[in-house]
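Colleague: Mind looking over this structure? Questions follow.
The values are calculated or read from the model by the stated rules, or taken from the named source; none is laboratory data. Note that the structure is a prediction, hence the values are computed from the model and not measured. All Cβ positions, even for glycine, are placed from backbone atoms using ideal geometry, and neighbour counts span all protein chains on display. The protein model used for the area step is the full one, side chains on, heavy atoms only, and it has no ligands, DNA or RNA in it. Shrake-Rupley method; radii C 1.70, N 1.55, O 1.52, S 1.80 Å.
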Amino acid sequence: MQSVAYVIDKPGRLSKPITRAAAGRRAGEVLLRIHATSVNYKDYLGVVTGELPDLTWPRVPFADASAEVVEVGDGVANVSIGDRVIPSFFPKWQAGDPTADGLSLIHGDQVDGMLQTHVCVSSACLVPTPAHLSDVEAATLGCAGVTAWRACSKASVKPGHTVVIQGTGGVSLFALGFAKMAGATVVLTSSSDAKLERGRALGADHTINYGRIPEWSTAVSDITDGRGADAIIDVGGGHTLAQSVRSARIGGHIACVGFVSGRESAEFPNVVVMAKNITMVGSTVGSIDDTADMCRAIDVHKFRPSVDRVFPFGEAQEAVDHLLTQGHFGKVSITM
Ligand SMILES: NC(=O)c1ccc[n+]([C@@H]2O[C@H](COP(=O)([O-])OP(=O)(O)OC[C@H]3O[C@@H](n4cnc5c(N)ncnc54)[C@H](OP(=O)(O)O)[C@@H]3O)[C@@H](O)[C@H]2O)c1
């Protein structure tokens, strides 16, 4: 079987895909025909800057895919030819808390990823695609969707809670969807009034423009009558963590999932964390069971991910460039 694949030898801009033999299928593996992928910030760090840890070369990048099973290897019982599936981000992390082994062998980082038409993967990492989703929509779930799903769980999002969600990128709009499914009140922040308006149409109850109100924890305090938010999904990192801490109620939770605003925080208010008894938890995507749980919830609620723009396979670099403009609302996808 041939695969048309982007193969990179070192960090830099993507050039053009090449046609080569797909890797051989072994026992316990399946051959997938990939129909779509989506761009994640980590793909930029992996492909263009090479900043991710433990990258090995040459490599087919990207972790996300929606795919169809076209061949099954010996011993495969959980999927059949023709099934629509999503490969889990961490193919070795089945459930529970992560281990070093569970966080290894990420598609696109240490083993070949999804920016190609065909790939062999372990059948154990596959999760059924929610039937109502298109391939483009399903290809957004594996990284951003699962990250938001687990972050909401780690931040103990519950009915009646007030949850602050930062920004309107891929992770954030999934978090908005999952927090509304859970019966929470959502405070959405963005640098753009137009994006906040779109966020309200998706269910955000309150909105704050963090560009106009840099000390946005005061606005959260007003919205919550001085109590503070029960949970904050922090995607900003360096320049948002201080505001997240000041936004939280006594006993509140902060899920730390991103660093779009910076990697380190000079003004981190550690005394406030202590005084408010805040729980801060880091979270990296999620397990195979998290992915399956999320897909079931998406199926029950007939939830549809927000896709900002779809690029053809030959324009993968343009898709990465589009993500970096931060002009997008939701996910940036690629079809093949
Ligand atoms: N922990 C994990 O496993 C995991 C998994 C996936 C992603 N991530 C990380 O999570 C972050 C978001 O990923 P993504 O895929 O959602 O990225 P994305 O689609 O590129 O979205 C980024 C969004 O962040 C918002 N933003 C930027 N600076 C901000 C600030 N100072 N305050 C609040 N919001 C700000 C912007 O929203 P507006 O345009 O509305 O202002 C922007 O659109 C990245 O750092 C990524 O590396 C982590």
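Colleague: For region 69-185, what are Rg and Dmax over the alpha carbons, in angstrom?
Modeller: 16.0, 49
Colleague: Kindly provide the helix-only [θ] at 222 nm of the chain, computed as the sum of -39,500 (n - 2.57) over DSSP H runs of four or more divided by all residues, to the nearest 500 deg cm²/dmol? Intermediate results must be reported in sequence, preceding the final value.
Modeller: Details: 9 runs with 77 residues, N = 336.
That calculation yields -6500 deg cm²/dmol at 222 nm.
Colleague: Shifting gears a bit: Could you work out how far apart the two model spin labels at S80 and T49 are, taking each label as a point 7 Å from the Cα in the direction of the beta carbon, and quote it in nm?
Modeller: 4.6 nm
Colleague: Still on this model: When averaged across all projection directions, what area in nm² does the alpha-carbon convex hull of the chain cover?
Modeller: On the way: hull surface 64.0 nm².
Seen from a random direction, the Cα hull of the chain projects 16.0 nm² on average.
Colleague: Let me ask something else. Can you give the extra length, in nm with one decimal, that the chain gains between D101 and D222 once fully stretched, where that is 0.36 nm per residue apart less the Cα-Cα distance? Please list the in-between numbers first.
Modeller: Details: separation 121, 0.36 × 121 = 43.56 nm, distance 4.46 nm.
Using 0.36 nm per residue and subtracting the Cα-Cα distance, I get 39.1 nm.
Colleague: Further question on the same structure: Mean separation of Cα pairs under 8 Å and 6+ residues apart, divided by the residue count of region 145-282: what relative contact order is that in percent?
Modeller: Values: 302 pairs, mean separation 30.4, N = 138.
For region 145-282, the relative contact order is 22 percent.
Colleague: First compute the accessible area of the chain with a 1.4 Å probe, then give the percent of it belonging to carbon and sulfur atoms. The partial results should precede the final answer.
Modeller: Working: 7230 of 13690 Å².
With neighbouring chains kept in place, the figure for the chain is 53 percent.
Colleague: Can you give me the accessible area per residue for the chain, using a 1.4 Å probe, in Å²?
Modeller: Numbers: 13690 Å² over 336 residues.
With all protein chains present, the chain gives 41 Å² per residue.
Colleague: Here is a further query. Where in the chain are the DSSP H helices whose C-alpha atoms run 15 Å or more along the long axis and whose mean Kyte hydropathy is at least 0.0? Display every interim value, and only then the final one.
Modeller: Details: long enough: 170-181 (17 Å, 1.45); 288-301 (20 Å, -0.09).
The qualifying helices are 170-181.
Colleague: Taking 25 Å as the cut-off for C-alpha to C-alpha distance, list the pairs among K180/K302; K154/K180; K10/K195 that go past it.
Modeller: On the way: K180/K302 13 Å; K154/K180 16 Å; K10/K195 36 Å.
As for pairs spanning more than 25 Å Cα to Cα, those are K10/K195.
Colleague: Give the relative contact order (percent, whole number) for the chain; include only Cα pairs under 8 Å separated by 6+ residues.
Modeller: Values: 832 pairs, mean separation 62.1, N = 336.
Here the relative contact order equals 18 percent.
Colleague: Work out how much length A27 to Q94 would gain on full extension: take 0.36 nm times their residue separation and subtract the Cα-Cα distance, in nm to one decimal.
Modeller: Values: separation 67, 0.36 × 67 = 24.12 nm, distance 1.89 nm.
Length gained, A27 through Q94: 22.2 nm.
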